[in-house]
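The values are calculated or read from the model by the stated rules, or taken from the named source; none is laboratory data. None of these values were measured; they are calculated from a predicted model. Cβ atoms come from the backbone with ideal geometry, glycine included; neighbour counts cover every protein chain shown. SASA here: full protein model, heavy atoms, side chains in, ligands and nucleic acids out. Shrake-Rupley method; radii C 1.70, N 1.55, O 1.52, S 1.80 Å.
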Amino acid sequence: MKKKLFYISCLIFFIVPVLLMLIKSVTTPWRSGVDLDWTSRGWEVVFQDSRVIESMWTTLLIALAVALINLLAGVPIAKALSHRSFPLKNTLEVILLLPLFLPIMAAAMGLHITMIRMGLANTWLGVTIVHLVPTIPYTIKVLKAGYDRIPQDMLSQGRMLKAGVWQAFRTIELPLLIPSIRSSIFLAVTISAGQYVLTAIIGGGTVLTMPMIYYPFLQSADDTVMAAFSIAFVLIPAAAIIIAEAAAMLVAGRSFMKRRGEV
Amino acid sequence: MSLPYLDVKSVSKTFDTNNIFTDLSFSLQKGEILSLAGPSGTGKSTLLRCIAGLDYFSQGEVMIEGSDLLNKQIKHRPVGMVFQQALLFPHMTLLENVAYGKKLTDGKKQAYEMARSYLKEVGLDQQLNQYPHELSGGQQQRAALVRALLLKPKLLLLDEPFSSLDPGLRKDLREWVRAFLKKEDMTSIFVTHDKEEAMLLGDRTAVMAEGRIQQIGYPEELYHSPQNALVASLYSDVIVLDKTRYCPAEKARWSSEKTVDGEWFAAEWVNETYHFGRRYAHVLLDGGGSITIPAGEQHSALKGYVIIPEDEIRYFHAQ
């Protein structure tokens, strides 16, 4: 029964809208009583604009960089929060979540001045750094939950079996953390790829990501073009996740694949 | 006299300002198994973790085969450890789990070969490619033991390895573990809070309580001549009368009347059980505390007296 409900809601809320959008991107706006009018105009308009391909690359690279920094910072912080006890631990945990409660504009304005001083305004690096503000708190939260599921003694056991810190991380922690790592990459990539305000302020219009040109397109009010553009937009997180998974597979090796098959 | 194989010299552990344990000393001969018994929260596990290198002593020295253990990094300490849970890595097969440590030091081929032969010996060769969740609790714990032994440590630490298993399995496994450790001639320290388990597994037992080793010796010594009230109540079946005197529980008897030759306690008969053909009474002393004594031929009575015959009263031999 539950499974049925899941499939039905999947169909209604996910598969049908996506299919409709796919059809819409290759037809002119449909009116009742008229046959579908197939056209490739939507896709042509999107890819005729040379900025689209360029911004797709920029968005992808920034999203991947954001995801990578998220993991590099998130894993040690999450491990400390989950497996160690130190004074003011709960306070620190709350502080690390605070960026989510701060109005994004307030953070952006303050950071903008700093970025200008440091010469990072209007650069992709600046944009990458500012995208950490809305992503790192989620990553820490997700990875901490992942570490909470690994008993501390299991890591001690690894050390007792004479694994060094890196060996233990690669062969025990990483494979067990894969589901959490996958979620945090997904979150970081989609959040980063969807940022408009932060990118606009820090990137100053020179760093062109997909949202930067998506919104102007929105004004064209051409449904066919918009549908094609939206699908192109979805390709970015999809590509980022494929790349991230491939990288994780290289590091964690076979155990990574096995975890997938097991579920 | 030959030098002890393992020599633990007056080690202490302080956490913040609390002393977890102070000035513990004991030594083991090669192949000897020491049971470390005592109530939970007395630092038994902490002691093991400090010897293993997962924690640090505040003071003291540990020598193994004449060389200092504590200045070695955890990676280079010849010490293995089995935890309360089997802690097999869930993403690896049984074979990969058991070979894990050996693989890091000796390479895959040799590790797998050795793991296979050990697993065959302990009857787990049909499960080589199964994942931990497919194994029973007893199989998992056996695998954990083999995994630790594969590295051929000089000292094996076992931290209540049976506590997560059900009683029947526990019984089978502890006999098997003792036989296996003896066959491997493995010097071991085994932590438990169960006195029967301590007697069954260890050659000698150290009773640890209140941050000290209260007494260390063979089961017979601990059972028949406890040094103080703490050891008596933890390890032996006695009725502690006061700080200096006790009476073996088997010498006490139940009576519905007071007596003149000896001591008595007013008590309430709660229940009775049978062990090896004898009937035992579980009684609740009016002054607090419950004890088990031979019930004799007496009919159970709700109210009565526990009689301690005068000539059965013994004295603790504190050293």
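In this simple spin-label approximation, B:Tyr274 and A:Arg170 carry label points 7 Å from Cα along the Cα→Cβ vector, and these lie 6.4 nm apart. Here the range B:182-319 exposes an accessible surface that is 50 percent carbon and sulfur, computed with a 1.4 Å probe and the other protein chains kept in place. Loop-located GluC sites (Glu not before Pro) in the range B:203-262 (DSSP state other than H, G, I, E, B) with a sparse environment of at most 14 neighbouring Cβ atoms within 10 Å: B:Glu210, B:Glu257.
A cut-off under 12 angstrom between Cβ atoms defines the neighbours of B:Glu297, and their net charge, with Lys, Arg +1 and Asp, Glu -1, is +3. Computed over every Cα-Cα pair of the protein assembly as shown and binned at 10 Å starting from 0, the pair-distance distribution P(r) comes out as 3, 13, 17, 17, 15, 13, 10, 6, 4, 2, 1, 0 percent.
Axis of helix B:94-106 versus longest Cα principal axis of chain B: the two differ by about 60°, to the nearest ten degrees.
Quick one: Kirkwood hydrodynamic radius for chain B, alpha-carbon pairs, angstrom, one decimal? When all Cα pairs of chain B are included, the Kirkwood radius is 21.9 Å. In chain A, the sites counted are trypsin sites (Lys or Arg not before Pro) in DSSP loop states with at most 13 other Cβ atoms within 10 Å, and the longest stretch holding none of them, exclusive of the sites, is A:150-263. In this simple spin-label model, placing a label point 7 Å from the Cα along the Cα-to-Cβ direction at both A:Asp223 and A:Leu36 gives a separation of 1.3 nm. Derived scalar couplings between HN and Hα for the range B:273-284 equal 9, 10, 9, 6, x, 10, 9, 10, 9, 9, 10, 10 Hz in order, rounded to whole Hz, by the Karplus curve 6.51 cos²θ - 1.76 cosθ + 1.60 (θ = phi - 60°), x for Gly and Pro. Can you give the net charge of the other residues whose Cβ lies under 11 Å from the Cβ of B:Gly217, counting K and R as +1 and D and E as -1? Taking every Cβ under 11 Å from that of B:Gly217, the sum is -2.
Taken along the Cα-to-beta-carbon direction at a fixed 7 Å, the label points for A:Phe13 and B:Ser10 span 6.9 nm. Adding -39500 (n - 2.57) for every DSSP H run of four residues or longer, then dividing by how many residues the protein assembly as shown holds, sets the calculated 222 nm ellipticity at -15500 deg cm²/dmol. Sequence-ordered 3J(HN,Hα) estimates for the range B:198-214 from the Karplus curve with 6.51, -1.76 and 1.60 and θ = phi - 60° stand at 4, 5, 5, 8, x, 6, 10, 10, 10, 8, 10, 7, 6, x, 9, 7, 6 Hz, glycine and proline given as x. Within chain A, the selection of entire DSSP H helices by a Cα span of 30 Å or greater along the long axis and an average Kyte-Doolittle value of at least -0.5 returns A:50-83, A:124-148, A:223-252. Under a GNM of chain B (C-alpha, springs under 10 Å), which listed residue has the highest mean-square fluctuation: B:Val238, B:Val98, B:Val177? With Cα springs under 10 Å in chain B, the top fluctuation among B:Val238, B:Val98, B:Val177 is at B:Val177. For chain B, excluding the exposed loop sites themselves (chymotrypsin sites (Phe, Trp or Tyr not before Pro), DSSP loop, at most 14 other Cβ atoms within 10 Å), the longest remaining stretch covers B:57-275. Among beta bridges identified by DSSP and lying wholly in the protein assembly as shown, the antiparallel ones come to about 75 percent.
Here the range B:1-116 is treated with +1 on each Lys and Arg Cβ and -1 on each Asp and Glu Cβ, and its dipole about the Cα centre works out to around 440 debye.
Using only Cα atoms, tell me the angle between helix B:167-183 and the longest principal axis of chain B; keep it within 0 to 90° and round to the nearest 10. The helix B:167-183 is inclined about 60 degrees to chain B.
Diagonalising the gyration tensor over the Cα atoms of chain A and scaling each eigenvalue by 5 before taking the square root yields semi-axes of 38, 26, 17 Å, largest first. Within 10 Å of the Cβ of each residue in A:158-169, the mean number of Cβ atoms contributed by other protein chains is 6. Computed from the Cβ-Cβ distance with R0 of 30 Å, the FRET efficiency linking B:Leu70 to B:Val122 stands at 0.40. With a 10 Å cut-off around each Cβ of B:86-94, the average count of Cβ atoms from other chains is 5. Could you compute how much accessible area chains A and B hide from each other, both sides summed, with a 1.4 Å probe? Nearest 100 Å² is fine. The A and B chains share an interface burying roughly 2200 Å². In this Cβ point-charge picture (+1 for Lys and Arg, -1 for Asp and Glu), chain A has a dipole of about 1220 debye about its Cα centre. Dividing the radius of gyration of the alpha carbons in the range B:238-315 by their Kirkwood radius gives 0.94 for Rg/Rh. Against the longest alpha carbon principal axis of chain B, how many degrees, from 0 to 90 and to the nearest 10, is the axis of helix B:137-149 turned? Orientation of helix B:137-149: about 60 degrees from the principal axis. Between A:Phe47 and A:Thr91, the C-beta separation translates, for a Förster distance of 51 Å, into a calculated FRET efficiency of about 0.50. Placing a label point 7 Å from the Cα of B:Asn18 along the Cα-to-Cβ direction, the residues of the range A:74-95 whose backbone N falls under 20 Å of that point are A:83-90. Heavy-atom surface analysis with a 1.4 Å probe gives the range A:50-258 a carbon and sulfur content of 72 percent of its accessible area. Rg/Rh for the range B:1-83 stands at 0.94; both radii use Cα atoms, and Rh follows the Kirkwood definition. Apply the a/c threshold of 1.5 to the C-alpha gyration tensor of the range A:50-141 and tell me whether it is rounded, prolate or oblate. It is prolate, given that a/c is not under 1.5 and a/b is the larger ratio.
The phi-based Karplus calculation (6.51 cos²θ - 1.76 cosθ + 1.60; θ = phi - 60°) puts the 3J(HN,Hα) values of the range B:111-116 at 4, 5, 4, 5, 4, 4 Hz, whole numbers, x for Gly and Pro.
What FRET efficiency do you get for A:Ile116 and A:Leu61 if R0 is 22 Å and r is their Cβ-Cβ distance, rounded to the nearest 0.05? Once rounded, the FRET efficiency stands at 0.45.
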